[in-house]
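Engineer: One structure is given below, represented as structure tokens, and several questions about it will come after.
The values are calculated or read from the model by the stated rules, or taken from the named source; none is laboratory data. Keep in mind that this is a model prediction, so the values were computed, not measured. The protein model used for the area step is the full one, side chains on, heavy atoms only, and it has no ligands, DNA or RNA in it. Shrake-Rupley method; radii C 1.70, N 1.55, O 1.52, S 1.80 Å.
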Amino acid sequence: MEVKLTNLMESLVQLKLDEVIDALDCCKCERCRMDIASYALNRLPPKYVVTAEGTVYSKLDTLSVQYETDMLNALFQGAKLVSENPRHHIAPDQTESHS
Ligand SMILES: [Zn+2]
């Protein structure tokens, strides 16, 4: 059986972001969502699990309440930062300059 490492925190943060995005006072475009997610992920501890290839990991209840609170804090902070300084007009690949 093929197994791989998965950072559980990555999917959890994205799920949580979907859940709270309406409550966040910021742009909801794909770029800004990703910026918020990456901000949060850089501040949260990774949570690696070994999963079988193709398995959808859904044991969200394995996370403690503390994780949930940390995640929300990080997402709200990220949203605040992104709304103050949105980067949706900047190409993700900045090797190409148009100026
Ligand atoms: Zn945006």
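Engineer: Below 8 Å, C-alpha to C-alpha, sequence gap of six or more: please give me the relative contact order for region 6-84 in percent.
Structural biologist: Computed over region 6-84, the figure is 50 percent.
Engineer: Could you provide, to the nearest whole Å², the per residue accessible area of region 6-84 with probe 1.4 Å?
Structural biologist: 60 Å²
Engineer: Over the Cα atoms, compute the radius of gyration (one decimal) and Dmax (the largest Cα-Cα distance, rounded to a whole number) for region 1-44, in Å.
Structural biologist: 12.4, 44
Engineer: Would you list 87, 43 from the most to the least accessible area, probe 1.4 Å?
Structural biologist: Values: 87 100, 43 135 Å².
The ordering from most to least exposed comes out as 43, 87.
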